[in-house]
Amino acid sequence: MAKAGATHVVVMGRAHRATIKQVVKAGRDYGVAVMGDNLGADDKPACSRMMQDLGVAYIVHHTGYDERRDPTKSLAMRPRDATVLRRSMIGKRWSKP
């Protein structure tokens, strides 16, 4: 994808940790930013922290349609949990490692 002009790639937080690590490594090797998507994670803050610890540059806080429709599921992370997203601030430019 990077050779075709991609600047960012996405990895799902529910992927195996080894997969996330390899995507981060490939992102560094090819000069593309890695975004981690927490869609479907049982604990979105923990999933976000884990991806951040593995080197993901951006966290995509993704709430699916079914999650929004189910009153038993959390609609959003609590404000104190948003601090884990320190590298995914909207408008912040990514610089190559």
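In straight Cα distance, which aspartates and glutamates are under 17 Å from Lys3, not counting same-chain residues fewer than 8 positions off?
Asp29
5 Å is the cut-off here: which amide hydrogens, built 1.01 Å from N in the peptide plane, fall below it relative to Val10, excluding neighbours closer than 5 in sequence?
Under 5 Å from the amide H of Val10 lie the amide H atoms of Met35, each far enough along the sequence or on another chain.
Which distance in nm do the two modelled labels at His8 and Tyr65 give, with both placed 7 Å along the Cα-to-Cβ direction?
2.3 nm
Name the shape class, rounded, prolate or oblate, that the alpha-carbon gyration tensor gives for the range 2-74, where a ≥ b ≥ c are the square roots of its eigenvalues, rounded holds for a/c under 1.5, and otherwise prolate holds if a/b is larger than b/c and oblate otherwise.
Since a/c reaches 1.5 and a/b is larger than b/c, the shape of the range 2-74 is classed as prolate.
Each reported figure results from applying straightforward, stated rules to the coordinates on display, with no laboratory input. The structure presented is a predicted model; accordingly, all values stated were derived computationally and were not measured. Here the Cβ is made from the backbone with ideal geometry for all residues, glycine too, and neighbour counts use every protein chain on show.
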